[in-house]
Amino acid sequence: MKEKTPYYITTAIAYTSGKPHIGNTYEIVLTDAIARFKRNQGYDVRFQTGTDEHGQKIEEKAAAAGTTPKQFVDGVAAQIKGIWDLMNVSYDKFIRTTDEYHEKQVQKIFKKLYEQGDIYKGAYEGMYCTPCESFWTPSQLVDGKCPDCGREVKPAKEEAYFFKMSKYADRLMQYYDEHPEFITPVSRKNEMVNNFLKPGLQDLCVSRTSFKWGIPVDFDDGHVVYVWLDALTNYITGLGYDADGNSDALFEKYWPADVHVIGKDIIRFHTIYWPIFLMALGLPLPKKVFGHPWLLMDGSKMSKSRGNVIYADELVKIFGVDAVRYFVLNDMPFDNDGNITWELITERVNSDLANNLGNLVSRTAAMSLKYFGGELCDKGAAEPVDGELRAMAEGLYAKVAAKTDEFKISDALGEIFSFLRRCNKYIDETAPWILAKDEAKKDRLSTVLYNLSESIMIAASLLQPFLPDTAEKIAKQFNCPLRAYDSLGKFGMIKNGTKVSPAEEHLFARRNYKDVEAAYDAMHAANEPKKEEKKPEQKKAHEPEYPAEIAIDDFAKVKMQIAKVIACEKVEKSDKLLKSTVKIGEETRTVVSGIAKFYSPEEMVGKKVVMITNLKPAKLRGIVSEGMILCAEDKDGNLKLLAPEGDIEDGSGIF
C-alpha cells in the first residue's frame, strides 16, 4: 500500500481574552475545509489549532474578574474549543500555551537562542499597546495610537531581553526571492518587504518584567517570555519538537508545515519573526503562510466596543452549522474583506442552500420515489442534452481542486453551486413530469433521474469538506457512499437498482427575515431580561455623545466640500451599501455609503451633497472609499442627505 504524503496545516492559536466572534471563527472553518479536502485527496493530514494564553492583557482581565490567570484562561479556552467543536472542526491537535510540555520547550528554546548569541539583555523604552502586546517607537504610531489596532498606547520602560532580528534580515529577504510562493496573497509579501524589511528590522523585545503571567525565563528571575516567542513556537512544540535534539517522530514526519492559515493582521509575526526564529534554531521554514482577509460586519471590523459583533453559536441556533459554514466560506473573497449581516446570511441560505441545493435534492428524490418507487437505473436512453451535464460533472473535481489548492475557497464553492444550477436547468430542459405521462418514454425518464442522482452524488462528495453534515445526509438519502476523489472524473458510478429513501427533513428550510429577527430577539431576551436597557447602537445613532466642547482648531482639521453625484450603483452582495462616483470641482472620487435602504442609485445621480474630503481612505467590500457623504438621522433611524440650500458649484468649501 502506497504511503500517504504528510500534510501539516495550522490556524493561528486563538487569544484567550474572550469569546471568539464569527470573524475569528471563519479562520477555523476555512482551515477545516482545506484539511478535509486534502484528506479526501489522500493526504495524511495533521491539523493543529489551539489557544494563546499568556500576557499582560490576560493578567489584567483575570484580576478584573477576581480570579487567577490560569482559572480565567481555562474557562475561555474551554469556550473556544466548544465553539470549534460546534462548528464540526476536524482538528487533530488542540494545543494550549499553558500545556506543561509547551512551556518547558519554550524555556529551552529561549535559553538556546540566548546561549548562541541571538538573544541579549538590555532595556526597552517606548510606547506600549496592551491589547496587541507590542512596543512601538513614536515614529511608528498613527495619530499617536497603535498602528495595528488604533487603541491608546502608554509609555513604558523596563529591563528586557532582545532578539537580533537584523542578523537574519538579508537571509529572510533572500528566502522571499527564492520562494515566491511563501506568502499568499502576494500583496501581503509586498507589505512586509516595503514596510518592514527595506526600512530595516529593529531588534525584537522577547521578555517582560512588568507582569508575571507568562512562561518564566528559567535563568533570570523576574523575566517572562514575551508572547510572540511563546505563541509562535506552538507550531513545532505541538509536534513534539525538542530543543535538545530529541524530537518526537511526529515532528520529523510533519515539519515543515505545508501552510499556516492566519489573519492578515498578524502576517508580520508569521512571515518575519517566525521565519527568523526558525532560522536561528536551524529548522526549515514553513512552505506557505496564507494571510486571509477579515470578515466585516456591515463594512466595519467587528468590535465589542462598537456593539457590532456576531457570534457563531448564535448563528448556528437560527440557521444550523452547515449554513453558517457555507456563508463564511462562500462570502469571503481570497484577498479582500468579506461582509456579514443577518439579512445577507438569510438571503444566502434561501437562494443557495434552500433553493439551489435543497430544492434540487428534494425534487430529484421525490420524482424517483413517485415514478419508480425510488429505484435508480440508467436505461441508456441518452439524448444530446445529457452531454453537457455529464461533461460538466466529469470536469468539476479538477476545477474545485485547482481553486482549493490556491486557497480560493469561495471560488471552489462557486464552481460546485454553478454546477448545481446547471442540474436545476437540466430538470427544466428534460421536464420529467411530461415524460412521465408517456409510457413510451419511461426509459428516458429513468435515465434523466439517474443522471440527476449521479450529478447530485458528485456534488455532495465535493461539498463534504465544506458542508460535511449536509453531504452525509445526501449520501444517506441516495443510499450511496460519498466518492473517493480519484473517481470523480467518471460519470455513472451509481449501481443500477440503488434505491432513494424519502427525506427525513428538508436539507435547508427557507427563512423569513422577520422570523430571523424574532428568533434573535427571543434568544437575547432569554439571556438578558432587561433588553431595553442595552441597545448601545440606538443610543449612538439617535442620542450621540459628543465631546463637551472642542477648539476651533479641531473643527478646522475637517475639510468639507460640496460634491455632485455623477454615477451610483449598489455594492455587490450588500443590502446597505451604495458606491457613488462624485465630482468635487475638477476632481472625481469614489465613495461608499451605507444608505441603500433610503436612496436608490437612480435617486442619487445628480444630487449635490455635503462631503468630508480629507478623511483617510478606507476599503469597504473591496472598494476604496475616498471620503464620507454626510447624513442626518431621525428618531426612527431614517437617513436624510445633507445638501446645500441653493444651487452652488461642486467643490465649494464649507466653513
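The set of residues in region 510-521 that are surrounded by 13 or more Cβ atoms within 10 Å (Cβ to Cβ), hydrophobic (A, V, I, L, M, F, W, C) and either within 12 Å of residue 359 (Cα to Cα) or out of contact with any Asp or Glu (no Cβ under 9 Å at 6 or more places or on another chain) (or both) contains only 519.
For region 472-498, a tally of residues being of a type in the set (A, V, I, L, M, F, W, C) and within 13 Å of residue 394 (Cβ to Cβ) returns 3. Just one residue in the set 193, 186, 142 is in contact with a helix residue (DSSP H, G or I) (Cβ under 8 Å, 6 or more places away or on another chain) and of a type in the set (A, V, I, L, M, F, W, C); that residue is 193. In the set (1) at pLDDT 95 or above; (2) closer than 12 Å to residue 161 by Cα; (3) not hydroxyl-bearing (Ser, Thr, Tyr), the condition left unmet by residue 232 is number (2). Could you tell me which residue of region 405-434 is surrounded by the fewest Cβ atoms within 10 Å (Cβ to Cβ), considering only residues that are within 30 Å of residue 31 (Cβ to Cβ) and aliphatic (A, V, I, L, M)? The residue in question is 420.
Among the residues of region 439-495, those that are outside any helix (DSSP H, G or I) and free of Cβ contacts under 8 Å to residues at least 12 places away in the same chain comprise 481, 495. Considering 467, 463, 507, the condition of being crowded, with 21+ Cβ neighbours inside 10 Å, closer than 26 Å to residue 330 by Cα and not assigned by TED's automatic domain parsing to the domain that holds residue 357 is satisfied by 507 alone.
Scanning region 205-229 for residues that are modelled with pLDDT under 95, in a strand (DSSP E or B) and surrounded by fewer than 23 Cβ atoms within 10 Å (Cβ to Cβ) turns up just one, 205. Residues in region 158-190 that are touching a strand residue (DSSP E or B) at 6+ places or on another chain (Cβ under 8 Å) and among the basic types (Lys, Arg) were compared, and the one that is modelled with the highest pLDDT is 164. Can you tell me which condition residue 355 does not meet? The list is (1) modelled with pLDDT of 95 or more; (2) farther than 30 Å from residue 150 by Cβ, and all the others hold. With (1) modelled with pLDDT of 95 or more; (2) farther than 30 Å from residue 150 by Cβ applied to residue 355, the lone miss is (1). Somewhere in region 432-447, is a residue polar (S, T, N, Q) and either modelled with pLDDT under 95 or over 30 Å from residue 185 (Cβ atoms) (or both)? Yes, the conditions are met somewhere in region 432-447.
Taken residue by residue, region 497-504 has at least one member that is among the β-branched types (Val, Ile, Thr) and outside the structural domain of residue 453 (by TED's automatic domain parsing).
If you go through region 175-192 one residue at a time, how many are surrounded by fewer than 12 Cβ atoms within 10 Å (Cβ to Cβ), among the charged types (D, E, K, R) and either free of Cβ contacts under 8 Å to residues at least 12 places away in the same chain or within 15 Å of residue 274 (Cβ to Cβ) (or both)? Going through region 175-192 one residue at a time, the tally reaches 2. Residue selection: residue 19 fails the criterion of being assigned to a helix (DSSP H, G or I) and among the basic types (Lys, Arg). Of the candidates 229, 239, the single residue that is in contact with a Ser or Thr (Cβ under 8 Å, 6 or more places away or on another chain) and under 20 Å from residue 97 (Cα atoms) is 239.
Listed here are the residues, each with its yes/no results for (1) surrounded by fewer than 11 Cβ atoms within 10 Å (Cβ to Cβ); (2) at negative phi; (3) modelled with pLDDT under 85; (4) charged (D, E, K, R).
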{"residue": "523", "(1), (2), (3), (4)": "no, yes, yes, no"}
{"residue": "528", "(1), (2), (3), (4)": "no, yes, yes, yes"}
{"residue": "552", "(1), (2), (3), (4)": "yes, yes, yes, no"}
{"residue": "562", "(1), (2), (3), (4)": "no, yes, no, no"}
{"residue": "590", "(1), (2), (3), (4)": "no, yes, no, no"}
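Here residue 392 passes the criteria (1) within 23 Å of residue 495 (Cβ to Cβ); (2) touching a residue at least 40 places away in the same chain (Cβ under 8 Å); (3) of a type outside the set (Gly, Ala, Ser); (4) in contact with a helix residue (DSSP H, G or I) (Cβ under 9 Å, 6 or more places away or on another chain) except the one numbered (2). For residue 90, the conditions (1) of a type in the set (S, T, N, Q); (2) more than 17 Å from residue 24 (Cβ to Cβ); (3) outside any loop (DSSP other than H, G, I, E, B) are fulfilled apart from (3).
Out of 575, 650, one residue alone is within 28 Å of residue 341 (Cα to Cα) and surrounded by 14 or more Cβ atoms within 10 Å (Cβ to Cβ). It is 575.
When you scan region 44-86, how many residues do you find that are β-branched (Val, Ile, Thr) and either without any contact (Cβ under 8 Å) to a residue 24 or more places away in the chain or loosely packed, with under 14 Cβ neighbours inside 10 Å (or both)? Counting residues in region 44-86 that are β-branched (Val, Ile, Thr) and either without any contact (Cβ under 8 Å) to a residue 24 or more places away in the chain or loosely packed, with under 14 Cβ neighbours inside 10 Å (or both) gives 2.
Rundown of residues vs (1) farther than 21 Å from residue 52 by Cα; (2) touching a strand residue (DSSP E or B) at 6+ places or on another chain (Cβ under 7 Å); (3) part of a strand (DSSP E or B), yes/no style:
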| position | (1), (2), (3) |
| --- | --- |
| 110 | no, yes, no |
| 113 | yes, yes, no |
| 120 | yes, yes, yes |
| 123 | yes, yes, yes |
| 127 | yes, yes, yes |
| 131 | no, no, no |
| 139 | yes, no, no |
| 147 | yes, yes, no |
| 150 | yes, no, no |
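Taken together, the residues in region 348-368 that are free of Cβ contacts under 8 Å to residues at least 40 places away in the same chain and of a type in the set (Asp, Glu) amount to 0.
The values are calculated or read from the model by the stated rules, or taken from the named source; none is laboratory data. Here the structure is a predicted model, which means the values were calculated and not measured. With ideal geometry, Cβ positions are generated from the backbone for all residues, glycine too; neighbour counts draw on all protein chains shown.
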